[in-house]
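> Sharing a structure, written as structure tokens. Questions coming.
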Amino acid sequence: MKARRLDVVVVAAFDRFGRSVRHLVETLELFRHLDVEFISLREQIDTGSPLGQAVFTIIAAIAQLERSLIVERVKAGLRRAKAEGKRLGREPLRVDPARLRDVLRRRLSARQAARELGCSTASAWRLIHAHTTGAAEADGASRAAEEAAHA
């Protein structure tokens with residue numbers, strides 16, 4: 001299609017072509033940009049005709065409404081969960097303060113520290129960095145580093 005070898009795409013039905021309304025609308029926009037007509041046999045829609053263009057516009061508006069409703073539902077669910085006192089996100093990283101002090105004392109690299117502490121290299125780096133700079137980041141790794149430093 002992008003090589004401009006197609007003039008028209010014909011499908012049996014919308015639902016056979018797109019995974020979702022959003023996918024369908026994005027694909028139809030691409031077709032429009034590339035001057036490729038789209039015809040759905042079941043719905044009898046031809047985006048090359050004025051009626052087909054109008055139906056496409058209506059479908060695009062419905063897709064936008066659907067996205068907005070999903071966003072609103074997600075936000076409402078997060079607000080409700082927070083109001084109920086549920087913890088959102090990952091559990092904080094828990095490391096043994098004695099092992100962390102040992103790793104810091106031996107001045108291991110982040111990769112070696114990660115193996116020793118049983119965490120990712122990035123988490124080990126955050127622990128080491130939080131301890132050496134005294135940074136008080138909001139994630140569990142730096143809280144654990146601070147606890148280890150004061151233990």
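> Which of the residues that make up segment 32-79 are at pLDDT below 85, over 14 Å from V11 (Cβ atoms) and polar (S, T, N, Q)?
Hits for segment 32-79 are S49, Q53, T57, Q64.
> Any residue in segment 36-52 that is among the polar types (S, T, N, Q), assigned to a loop (DSSP other than H, G, I, E, B), buried (at least 17 other Cβ atoms within 10 Å of the Cβ) and touching a helix residue (DSSP H, G or I) at 6+ places or on another chain (Cβ under 8 Å)? Please lay out each step first, then the result.
Our first condition is that a residue be among the polar types (S, T, N, Q); within segment 36-52, this holds for 40, 44, 47, 49.
Then keep just the ones that are assigned to a loop (DSSP other than H, G, I, E, B); that gives 44, 47, 49.
Filter once more, keeping what is buried (at least 17 other Cβ atoms within 10 Å of the Cβ): 47.
The next check asks that each one be touching a helix residue (DSSP H, G or I) at 6+ places or on another chain (Cβ under 8 Å); those that pass are 47.
Taking every residue of segment 36-52 in turn, at least one turns out to be among the polar types (S, T, N, Q), assigned to a loop (DSSP other than H, G, I, E, B), buried (at least 17 other Cβ atoms within 10 Å of the Cβ) and touching a helix residue (DSSP H, G or I) at 6+ places or on another chain (Cβ under 8 Å).
> With the condition kept exactly as written, say whether any residue in segment 81-93 is assigned to a helix (DSSP H, G or I), loosely packed, with under 14 Cβ neighbours inside 10 Å and either in contact (Cβ under 8 Å) with a residue 24 or more places away in the chain or within 22 Å of the chain's Cα centre (by Cα) (or both). First the steps, then the outcome.
Initial filter on segment 81-93 (assigned to a helix (DSSP H, G or I)): 81-83.
Okay, now just the ones that are also loosely packed, with under 14 Cβ neighbours inside 10 Å, so 81-83.
Now drop any that are not either in contact (Cβ under 8 Å) with a residue 24 or more places away in the chain or within 22 Å of the chain's Cα centre (by Cα) (or both), which leaves 81-82.
Yes, segment 81-93 has at least one match.
> Out of all the residues in segment 14-53, which are closer than 16 Å to Q64 by Cβ and either of a type in the set (A, V, I, L, M, F, W, C) or not assigned by TED's automatic domain parsing to the domain that holds E66 (or both)?
Of everything in segment 14-53, those that are closer than 16 Å to Q64 by Cβ and either of a type in the set (A, V, I, L, M, F, W, C) or not assigned by TED's automatic domain parsing to the domain that holds E66 (or both) turn out to be V21, L24, V25, L28.
> Taking only segment 2-28 into account, find how many residues are under 20 Å from A63 (Cβ atoms) and either without any contact (Cβ under 8 Å) to a residue 12 or more places away in the chain or not in a helix (DSSP H, G or I) (or both). Break it down stepwise before answering.
As a first pass, look at segment 2-28 and keep what is under 20 Å from A63 (Cβ atoms): 9, 11, 13-28.
If we keep only those that are either without any contact (Cβ under 8 Å) to a residue 12 or more places away in the chain or not in a helix (DSSP H, G or I) (or both) too, we end up with 9, 11, 13, 15-16, 18-20, 23, 26-27.
The number of residues fulfilling the criteria is 11.
The values are calculated or read from the model by the stated rules, or taken from the named source; none is laboratory data. These numbers come from a predicted model, not from an experiment. No Cβ is skipped: glycine too gets one built from the backbone with ideal geometry, and neighbour counts run over all protein chains shown.
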